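Here the structure is laid out as structure tokens; the discussion comes afterwards.
The values are calculated or read from the model by the stated rules, or taken from the named source; none is laboratory data. Worth saying up front: this structure is predicted, and the values here are computed from it rather than measured. Neighbour counts are summed over all protein chains in view; Cβ atoms, including those assigned to glycine, are modelled from backbone coordinates with ideal geometry. What goes into the accessible areas is simple: the full protein's heavy atoms, side chains included, and nothing from ligands, DNA or RNA. Shrake-Rupley method; radii C 1.70, N 1.55, O 1.52, S 1.80 Å.
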Amino acid sequence: MSDVCVYGATAAGVAAAVAARSAGASTTLVDPGTHVGGMVTGGLSWTDVGDTRAIRGFALRFYEEVARHYDAALWQVKGPEPHVAEGLFTALLDGVDVRLAERLLPDAAVYVDASYEGDLLPGFGVPYAVGREPRELYGETWAGRQPAWRPGKHNFPVRLFPFDDGGRLLPFIREPELDERGWPAERLGEGDGGLQAYGFRVCLTDREENRLPFERPDGYDPGAFELLRRYLAATKLEAHDLLGLNRDLLPNGKCDVNSIGPFSLNVLDGSNRGYPDGDAAARARVREHHLLYTQSLLYFLANDEDVPANVRGELQRWGRCADEFTDTGGWPHQLYIRDGRRMVGACVLTERDLLDARPQPDEVARGSYNIDIREVERTWRYLPEYVREAAVFNEGYLSVAVPPYPIPYRCLTPRRDDATNLLVPVCLSASHVAFGSLRMEPTLMMLGEAAGTAAAEAARRGIAVQDVEASFVPVG
């Protein structure tokens, strides 16, 4: 029997396991996958950190190790290469019983759920939320459904028709709910369970000696990208406008590709909505759908004759990295799960706690990054003009600046009546809006460290996690 069992070998899970072991607890780290580090080793190399002064403890130690590895100043390197990050995490886990490719939990005095999905919550009988809540639940300005035609870089700058010649909705557009007139309903501020887009964050290179070209995947359908064809035909885009390709972004000529525009590696058809509560087969279908989309999109941009020559030529210069993700063909092993379950715990952190930050008596870490909610869905609306004309929109994106704000220990603990031996640093107790800021990997590492430290103390003293003094837990 272990003192502490950490489920989920995310970066936060590694931080929790290292902290618990450092506090003297016998510690087991369990993950059904075969890699440690989660998104930090799975494609999210250029990590958003917010105010670097808020980064402390294990998170700061990790980024100091990154700087040392590259013989660079702290924060000079945008992010470590995925295989480098995994090597650093693995070295830090010395003394922890690491069990990969396992789902069975060992007996332990205290558990830490550090998974992106919050998979221990149902088994422990702890209530949780999934997706966007209604605006009135917590009195949040930015909660619920958002205007579809809000302008910005994540929405289309041109008018694109959403249907094919037969009147069928184009692929990768989610069918909207209709009102009594048969028009797409806006219903601003309503809770709809919508999740931030999922996607694979690929690591690419243009160095010929390390480049694997984009190959035509099984199941490839060039017709699936009709909307992208229309977008490219209506604009004069460069490859950078689509994917943000930048050979200087990461060390050794690599680039971490993110979503920087309206058509990107994000999948916006709503297919991720069944993922958090889905069984293994349902989740596998979501991952396969997203991977095929990613492989198909890159192959399409590099090869389809309808893609402008300048874009096609630039994509042909890039490819997967031969020295990354070597056991999965150069494709990331981790799906970017921006939203999973969120515990409803002893304290629910909300928009007000971030925008109007005030001291918390049990502060264990600080967040500082924007409320960053990626697009939730691609849909269509009738334009509010004289002629009724349908157009495509990406709905849900938000980026709201916040000051550095305290995160209380109570957000990591369930309510006492629900569980007394579980801590949750990733799918912590927060509204969907607040989680848009909390979800940044450095913040989650700090919360993982706090959870691991508290778990070790609860196990050592044989007390409920709610009874661990917050003064014992702060990171740094």
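Of note:
- Across the protein chains, with a 1.4 Å probe defining accessible surface, the residues V465, V49 rank V49, V465 from largest area downward.
- Loop trypsin sites (Lys or Arg not before Pro), the stretch 24-130, which have at most 12 other Cβ atoms in a 10 Å radius of their Cβ (DSSP): R103
- Lys/Arg +1, Asp/Glu -1 at C-beta; the chain dipole; positive extreme among V402, N155, N272: V402
- Scoring 213-220, 352-359 by mean Cβ neighbours within 10 Å over their residues and listing the highest first yields 352-359, 213-220.
- Anisotropy class of the stretch 1-114 from Cα gyration tensor, a/c 1.5 cut: prolate
- Cα centroid separation, the stretch 36-85 to the stretch 218-288 (Å): 24 Å
- The mean sequence distance of close C-alpha pairs (under 8 Å, at least 6 residues apart), as a share of the length of the stretch 107-213, puts its relative contact order at 31 percent.
- Here's the picture: a label point sits 7 Å out from the Cα of V400 along the beta-carbon direction, and within the stretch 419-440 the residues with their amide nitrogen under 11 Å of it are 432-437.
- Cα gyration tensor shape of the stretch 72-141, rounded if a/c is under 1.5, else prolate or oblate by comparing a/b with b/c: oblate
- Spatially, the stretch 333-389 and the stretch 10-30 are offset by 28 Å when compared through their Cα centroids.
- Ranking by accessible area, most exposed first, for C5, C347 with a 1.4 Å probe: C347, C5
- Taken about its Cα centre, the stretch 330-476 carries a charge dipole of roughly 180 debye when the Cβ of each Lys and Arg holds +1 and the Cβ of each Asp and Glu holds -1.
- Ordering M343, P127, L237 by the projection of their Cα atoms onto the charge dipole of the chain, which places +1 on the Cβ of Lys and Arg and -1 on the Cβ of Asp and Glu, puts L237 at the extreme positive end.
- Note on D94 and E209: the model spin-label points, each 7 Å out from Cα along the C-beta direction, lie 3.2 nm apart.
- Average Cα contact separation per residue, the chain, under 8 Å, 6 or more apart, as relative contact order %: 25 percent
- Site pair R416 and L74 shows an inter-label distance of 3.9 nm when each label is modelled 7 Å from Cα along Cα→Cβ.
- Charge dipole of the stretch 156-305 (Cα centre as origin; +1 on each Lys and Arg Cβ, -1 on each Asp and Glu Cβ, all else neutral): 280 debye, rounded to the nearest 20.
- Residues H289 and E102, FRET efficiency given R0 of 22 Å [Cβ-Cβ distance, rounded to 0.05]: 0.30
- Estimated distance in nm for a label pair at I260 and L178, the labels positioned 7 Å out from Cα along Cα-to-Cβ: 4.0 nm
- Linear extension gain, R216 paired with E238, 0.36 nm per residue minus alpha-carbon span: 5.7 nm
- Area of S368 that stays accessible when all protein chains are in place (1.4 Å probe, Å², to 10): 20 Å²
- Of all DSSP-defined beta bridges confined to the chain, some 60% are antiparallel rather than parallel.
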